[in-house]
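> Can you keep this structure in mind? I'll have questions shortly.
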Amino acid sequence: MDLKKLIISPINEIDDLSNFSCNDPDLDDFIQNDALGYQNRLLAKTYLCRKPDKSIAGFYSVTMDSVKKRQLIDQDEFNITNIPAFKIARLAVHQKYQGLGVRRFLLYTTIYQAKKYSTEIGCRLVTVDSKPESVDFYLRHEFKPTSKIEKQKYPTLYLDLMTIQD
Amino acid sequence: MAHPIEPTVLDKEDFKRLLKDLENPELSPKAQRMYKLGKQYHRQVHRA
């Protein structure tokens, strides 16, 4: 798949997502039934990823987040209680296009978005509450766990935007 | 296809190290590459 031909645009009322399937019922239910409502209520913004023929290859939803210092350590070395973050709330690839680099494409796009927003508002981390089967994917992409991942149902991982220069 | 999870055990020293990383982060060449590719990809975002 030519990733440079993928187009990303915000979800809107005319998008038909009834046939979207990524093999995860929770994510399918979210994009089919909840994503637009979340967006209209300013809770999460969802972006669809389309192929040139307009078919939907995937999507991601983003929102704001914060990570409590105590999730990292019980000491006072970091001088704020909550570390501001940009959260990847959902990220999924249509089952037809899995294994072709689309997930990586979507992740990199969110990282750029987060870094861009960090020039306008306090935003130190990119966070994700990962599906267990996706933890390895995020670890491979420089994310670090915030806690003992084996004890979390959806382990929270983060990428520090200070490790990236504009 | 689901990948088996390799449990990562983090002890207190690991947390200290993670926090030190936050205070004195080192630039990450891989994160830098991801950012640069994301910057290219982001040109493909169509605003509604």
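> Being surrounded by fewer than 18 Cβ atoms within 10 Å (Cβ to Cβ), among the aromatic types (F, W, Y) and farther than 24 Å from A:L3 by Cβ is true for just one of A:Y154, A:Y117. Which residue is that? Full working, then the answer.
On the way: A:Y117 fails: farther than 24 Å from A:L3 by Cβ.
Among A:Y154, A:Y117, only A:Y154 is surrounded by fewer than 18 Cβ atoms within 10 Å (Cβ to Cβ), among the aromatic types (F, W, Y) and farther than 24 Å from A:L3 by Cβ.
> In the range A:18-40, what count of residues is obtained for those that are polar (S, T, N, Q), in a helix (DSSP H, G or I) and without any contact (Cβ under 8 Å) to a residue 24 or more places away in the chain? It would help to see each step written out before you state the result.
Here is the first cut: in the range A:18-40, the residues polar (S, T, N, Q) are A:18-19, A:21, A:23, A:32-33, A:39-40.
Pick out the ones that are also in a helix (DSSP H, G or I) and you get A:32-33, A:39-40.
If we keep only those that are without any contact (Cβ under 8 Å) to a residue 24 or more places away in the chain as well, we get A:32-33, A:40.
Residues that pass the stated criteria total 3.
> Which residue out of A:A92, A:A85 is in contact (Cβ under 8 Å) with a residue 60 or more places away in the chain, more than 8 Å from chain B (Cβ to nearest Cβ) and in contact with a helix residue (DSSP H, G or I) (Cβ under 6 Å, 6 or more places away or on another chain)?
Details: A:A85 fails: in contact with a helix residue (DSSP H, G or I) (Cβ under 6 Å, 6 or more places away or on another chain).
Residue meeting the stated conditions: A:A92.
> Which residues, taken from the range A:120-138, are part of a helix (DSSP H, G or I) and either touching a strand residue (DSSP E or B) at 6+ places or on another chain (Cβ under 6 Å) or surrounded by 18 or more Cβ atoms within 10 Å (Cβ to Cβ) (or both)?
Going through the range A:120-138, the residues part of a helix (DSSP H, G or I) turn out to be A:132-138.
The answer is A:S134, A:V135, A:F137, A:Y138.
> On to the next question. So which residues in the range A:41-69 are in a loop (DSSP other than H, G, I, E, B), in contact with a strand residue (DSSP E or B) (Cβ under 6 Å, 6 or more places away or on another chain) and at pLDDT below 95, if there are any at all?
So in the range A:41-69, the residues in a loop (DSSP other than H, G, I, E, B) come out as A:41-44, A:51-55.
Narrowing the set further to residues that are in contact with a strand residue (DSSP E or B) (Cβ under 6 Å, 6 or more places away or on another chain) leaves A:44, A:51.
Correct list: A:K51 only.
> Consider only pairs whose beta carbons are under 9 Å apart and that are at least six residues apart or on different chains; among these, list those whose first residue lies in the range A:3-17 and is in a helix (DSSP H, G or I) and whose second residue is loosely packed, with under 10 Cβ neighbours inside 10 Å.
Matching pairs, first to second residue: A:K5/A:P52.
> Residue under question is A:L107, and the condition is that it be buried (at least 22 other Cβ atoms within 10 Å of the Cβ), facing chain B (nearest Cβ under 8 Å) and under 21 Å from B:K12 (Cα atoms); does it hold?
Numbers: buried (at least 22 other Cβ atoms within 10 Å of the Cβ): yes; facing chain B (nearest Cβ under 8 Å): yes; under 21 Å from B:K12 (Cα atoms): no.
No; evaluated as a whole, the condition is false for this residue.
> Here's a follow-up. Step by step: first the residues of the range B:14-48, then only those that are assigned to a helix (DSSP H, G or I), more than 7 Å from chain A (Cβ to nearest Cβ) and modelled with pLDDT of 75 or more, then the one that is farthest from A:A92 (Cα to Cα). Which residue is that?
Step by step, filter the range B:14-48, then rank; the result is B:P29.
> I've got another one for you. Do the conditions hold for A:Y38, that is, is it away from chain B (no Cβ under 14 Å) and out of contact with any helix residue (DSSP H, G or I) (no Cβ under 7 Å at 6 or more places or on another chain)?
Numbers: away from chain B (no Cβ under 14 Å): yes; out of contact with any helix residue (DSSP H, G or I) (no Cβ under 7 Å at 6 or more places or on another chain): yes.
Judged against the criteria, A:Y38 is a match.
The values are calculated or read from the model by the stated rules, or taken from the named source; none is laboratory data. What you are looking at is a predicted structure, and each value in this text was computed from that prediction instead of being measured. Because the Cβ atoms are built from the backbone with ideal geometry, glycine has one as well, and the counts that use them run over all protein chains shown.
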